[in-house]
Amino acid sequence: MRCKLLVLISGYGSNLQAIIDACASRQLNAEIVGVISNVPTAFGLERARRANIPAVVVDHKAFASRGEFDAALRQTLQQFDADLVVLAGFMRILNADLVNSYAGRMLNIHPSLLPRYPGLNTHQRALDAGDSEHGCTVHFVTANLDGGPLIGQSRCPVHADDSAQTLADRVHGLEHLLYQTVIDWYANGRLRFADGQARLDETPLEAPVQI
Ligand code: GRF
């Protein structure tokens with residue numbers, strides 16, 4: 001049976017597109033059952049529609065409080081009978097209750113070599129620190145922001161003349177294969193979350209796999 005993915009986005013959706021393409025070409029033993037965006041104008045919504053994937057907006061600005069948005073998002077998530085929730089450039093912090101109810105069934109991609117630079121502006125922070133290497137990480141989502149168990153990482157060099165934009169572009173180029181690889185592990189039952197740890201082929205990952 002194909003693993004049912006629900007993808008959450010806020011913007012351009014190039015990671016979403018890569019997953020759509022990998023499902024369509026059967027490189028991934030998975031199907032996307034829905035896309036949710038908190039931003040009504042996100043281009044990723046258009047990508048979903050073009051691929052005939054149900055796309056739903058839960059606009060955080062339409063709610064009076066964070067709690068009301070969280071409740072609406074939870075309800076929408078539950079409408080899709082997904083095996084795995086994939087955060088792909090989803091720019092809202094999810095509340096702990098919601099995250100906990102998807103423990104081991106929610107992944108995120110983050111544009112830094114975690115545990116370095118959780119949060120925003122990762123590329124500028126890597127430049128400011130004078131790092132010679134930068135990259136991206138896929139991890140299980142826990143209530144600890146960008147702090148859940150690390151699964152996979154891809155690295156690239158930082159060049160002397162890099163700007164935050166050139167560095168972001170280089171990292172972006174690594175993200176698609178990394179995410180696809182990790183989702184593939186999950187879809188094939190090789191990756192799971194147990195006792196607060198990521199396990200690949202039943203071996204606890206002490207460090208993220210370098211891809
Ligand atoms: C990526 O850099 C991802 O790591 C970050 O947001 C960006 C989303 O890009 N969380 P896209 O919308 O998938 O093109």
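When restricted to residues that are of a type in the set (A, V, I, L, M) and surrounded by 23 or more Cβ atoms within 10 Å (Cβ to Cβ), the stretch 37-46 contains 1.
Beta carbons closer than 7 Å, at least 6 apart along the sequence or on distinct chains, pair a first residue in the stretch 52-78 that is touching a residue at least 60 places away in the same chain (Cβ under 8 Å) with a second that is not β-branched (Val, Ile, Thr) for Leu77/Leu6. Tell me, yes or no, whether the stretch 88-97 has at least one residue that is basic (Lys, Arg) and either surrounded by 22 or more Cβ atoms within 10 Å (Cβ to Cβ) or within 14 Å of the ligand (Cβ to nearest atom) (or both). Yes; the residues of the stretch 88-97 include at least one that is basic (Lys, Arg) and either surrounded by 22 or more Cβ atoms within 10 Å (Cβ to Cβ) or within 14 Å of the ligand (Cβ to nearest atom) (or both).
Flag: Gly152 matches the condition of being over 18 Å from His123 (Cβ atoms) and not polar (S, T, N, Q). Taking the numbered list (1) over 13 Å from the mean Cα position of the chain (by Cα); (2) within 16 Å of the ligand (Cβ to nearest atom); (3) open to solvent by less than 10 Å² (accessible area, probe 1.4 Å) in turn, Ile19 passes all entries but (1).
Quick check: is even one residue across the stretch 108-125 open to solvent by less than 40 Å² (accessible area, probe 1.4 Å), farther than 25 Å from Arg170 by Cα and small (Gly, Ala, Ser)? No, the conditions are met nowhere in the stretch 108-125. Annotation for the stretch 7-15: no member residue is open to solvent by 30 Å² or more (accessible area, probe 1.4 Å), touching a residue at least 24 places away in the same chain (Cβ under 8 Å), over 21 Å from Gln75 (Cα atoms) and more than 15 Å from the ligand (Cβ to nearest atom). As a summary of the residue check, Arg74 satisfies the conditions (1) open to solvent by 30 Å² or more (accessible area, probe 1.4 Å); (2) more than 16 Å from the ligand (Cβ to nearest atom); (3) closer than 21 Å to Tyr179 by Cα; (4) of a type outside the set (Gly, Ala, Ser) except for the one numbered (3). For the stretch 132-149, which positions are over 10 Å from Ile109 (Cα atoms), under 15 Å from the mean Cα position of the chain (by Cα) and open to solvent by less than 20 Å² (accessible area, probe 1.4 Å)? Those that are over 10 Å from Ile109 (Cα atoms), under 15 Å from the mean Cα position of the chain (by Cα) and open to solvent by less than 20 Å² (accessible area, probe 1.4 Å): Gly135, Gly148. Restricting attention to the stretch 4-49, the residues that are β-branched (Val, Ile, Thr) and part of a helix (DSSP H, G or I) add up to 2.
Filtering Gly152, Gly189 for residues that are open to solvent by 40 Å² or more (accessible area, probe 1.4 Å), modelled with pLDDT of 95 or more and not aromatic (Phe, Trp, Tyr) leaves a single hit, Gly189. So which pairs qualify, if the first residue must be in the stretch 160-174 and more than 14 Å from Tyr12 (Cβ to Cβ), the second must be in a loop (DSSP other than H, G, I, E, B) and more than 10 Å from the ligand (Cβ to nearest atom), the Cβ gap must be under 7 Å, and the two must be at least 6 apart or on different chains? Here the result reads Leu167/Val158, each pair linking the stretch 160-174 to a residue that is in a loop (DSSP other than H, G, I, E, B) and more than 10 Å from the ligand (Cβ to nearest atom).
The values are calculated or read from the model by the stated rules, or taken from the named source; none is laboratory data. Not measured: the values here are computed from a predicted model. Here the Cβ is made from the backbone with ideal geometry for all residues, glycine too, and neighbour counts use every protein chain on show. The area values use the complete protein model at the heavy-atom level, side chains included, leaving out ligands, DNA and RNA. Shrake-Rupley method; radii C 1.70, N 1.55, O 1.52, S 1.80 Å.
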